[in-house]
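Student: First the structure, which I've put down as structure tokens, then a few questions once you've had a look.
All of the numbers you see were taken from the coordinates with simple rules; none came from a lab. In this text, all values refer to a predicted model and were calculated from it rather than measured experimentally. Neighbour counts are summed over all protein chains in view; Cβ atoms, including those assigned to glycine, are modelled from backbone coordinates with ideal geometry.
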Amino acid sequence: MNKIKTISCILILSSILWAKTLDIKSILLTVINDNNIEIQNKMISDLKSSSKYIPYIDEVELRINSAEPFSKTENLFQRQKYALRISPNGFGESVAAKKVISSTMEYHVHRKEKLLNSLLKDRYLLVIEMLFNYSLLNRNLEMKELLEDRISVLEKMINTENFDFSDIVKAETDYSKLQLDIIELQNLIHYFEVQINTILPYTDSVEIDTSNIIDVATLKRELQRSIIKLDSNNIYLKDCLLKFKTAQNLFQFETKTKRKVISFLEFELDADKLAEEKRDNAPEYNKALSFGFGISIPILNSDRIDVNRKLLKMLDDNVDYINEKKNLEDSARMLQEEINALIEQYEFLTERSEMIKTESFLGKYAMVDGENPLILLKIRQSIIRNGELMDEVKYKIYKKYIQMMDITGKLSEYPLRNFLSKNREIIQ
């Protein structure tokens, strides 16, 4: 048993010595240079560099028609009619098209912000999961040491009166199960380390510095001072708002397109009449040159269904915005209530921890007085179990808190802040 204990201590000490200590801020800051963000930046840069010019002419068409059959001996040019037809854009169509391009650009910029928010949230949750599993591993290592002491005490009591062999069998079974739990936790922590190594160039073990992490009491005061309020800059509301804005601009563009008053302008040259007027020495070519235009009749427009479809999309997006705002506000309030309930649990466990420490002192006193040493081990076990519960509740609070910051849109507000630090330090 002592040999196993020594090997375990060596392994733990070696992992601590070789571990790379990182602060939470440096992990969160990696979102700025994330590959996915770089791709979005490149896309936005390409969009900004592309032409935003919207021509006032939609289409130019050159028409050539033969006036009537001609013989091989006649000049081909003289028997043709040439028409230049220009299809202009509708009044306000170019302006509406520019608005569509502008809102599309704005939406792509927002997609980058939304992606950054998602990556930032993932890093927060990664840090929280890793810290929780670290604390759980430490508690299990404490429990392992306790079970070793318990087995040692029971082995010394084998020859005493009323000794129950099932006690030592149970202790050894618990010890074996605990060893499996420790191995599982170590593998899980290694998995989290691999994830961190993908965003930070470290090849050794990772240890997160928790010296500046916010405590539950401070977090409680922060929540008491905060008021849940969602504005249009909220990352999720902005998503709905930009979808509505894009749909609105598309509707206006479709409306302007379908409201073309002048459908075309046409300039025609009749080569046959031009040659005739030249022979007659006409001062002006009134017969050879002509001008015409076409007028659209909106009441007979067959594309009204497209306009109605765009209008329906715009109205749907507006309803989505209203519903999303209500859902986010409800979710934020629910999360705040859940956090308050968890804080009450944590405060209860903190009080219980103080009570158990008092029991531990009394247990030591009783042991000196000749009582059963297993009583002290049970008290130590109670302390460890209570500590496990405190850690579990604490990291649940952190997770819910980050989720609430995400929903309220605070998580990725500029300047970016570390919401797990005591003073909400600026990370960029």
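Student: Of 397, 379, 44, how do they rank once you tally other Cβ atoms within 10 Å and put the fewest first? Before the final figure, lay out each step's value.
Tutor: Values: 397 24, 379 20, 44 15.
Least to most surrounded, the residues fall as 44, 379, 397.
Student: What net charge is computed for the residues neighbouring residue 425, neighbours being all others with C-beta under 11 Å from the C-beta of residue 425, Lys and Arg scored +1, Asp and Glu -1?
Tutor: Values: positive: 25, 417, 422, 424; negative: 23.
After counting each charged neighbour, the total is +3.
Student: Give, as a single signed number, the net charge of other residues whose beta carbon lies under 11 Å from the beta carbon of residue 172, with Lys and Arg counted +1 and Asp and Glu -1.
Tutor: Result for the local shell: -1.
Student: If you don't mind, another one. Bin all alpha-carbon pair distances of region 192-247 at 5 Å intervals from 0 and give each bin's fraction as a whole percent.
Tutor: 4, 13, 11, 9, 9, 12, 19, 14, 7, 2, 0
Student: Still on this structure, I have one more. Run the numbers for residue 164 and residue 309: contour at 0.36 nm per residue of separation, minus the present Cα-Cα distance, in nm. If you can, show how the numbers build up before the last one.
Tutor: Numbers: separation 145, 0.36 × 145 = 52.20 nm, distance 8.08 nm.
That pair, residue 164 and residue 309, stretches by 44.1 nm at full extension.
Student: Please compute the net charge surrounding residue 134, taking Lys and Arg as +1 and Asp and Glu as -1 over other residues with Cβ under 11 Å from its Cβ. Don't skip to the end; give the middle numbers.
Tutor: On the way: positive: 139; negative: 129, 193, 207, 391.
Spelling it out: positives minus negatives among the neighbours equals -3.
Student: Kindly put 21, 350 in sequence by how many other C-beta atoms sit within 10 Å of each C-beta, fewest to most.
Tutor: On the way: 21 10, 350 16.
The fewest-first ordering by Cβ neighbours comes to 21, 350.
Student: Still on this structure, I have one more. I need 346, 134 ordered by Cβ neighbour count within 10 Å, fewest first. The partial results should precede the final answer.
Tutor: On the way: 346 22, 134 18.
Ordered from fewest to most neighbouring Cβ atoms within 10 Å, 346, 134 come out as 134, 346.
Student: Quick one: compute the contact order of region 102-227, relative version, from alpha carbon pairs under 8 angstrom and 6+ residues apart, as a percent.
Tutor: Details: 37 pairs, mean separation 33.6, N = 126.
Once normalised by length, the contact order is 27 percent.
Student: Right, next: So what's region 134-238 giving for Rg/Rh, alpha carbon basis, Kirkwood Rh from the mean inverse pair distance?
Tutor: We get a ratio of 1.24 for region 134-238.
Student: Taking 0.36 nm per residue of separation and subtracting the Cα-Cα distance, what length does fully extending residue 218 through residue 30 add?
Tutor: Values: separation 188, 0.36 × 188 = 67.68 nm, distance 2.64 nm.
Full extension from residue 218 to residue 30 adds 65.0 nm.
Student: About its Cα centre, what dipole magnitude does region 157-237 give when the only charges are +1 on Lys and Arg Cβ and -1 on Asp and Glu Cβ, stated in debye to the nearest 20? Walk me through the numbers before you get to the answer.
Tutor: On the way: 6 positive and 14 negative charges, 139 e Å.
Here the size comes out at about 660 debye.
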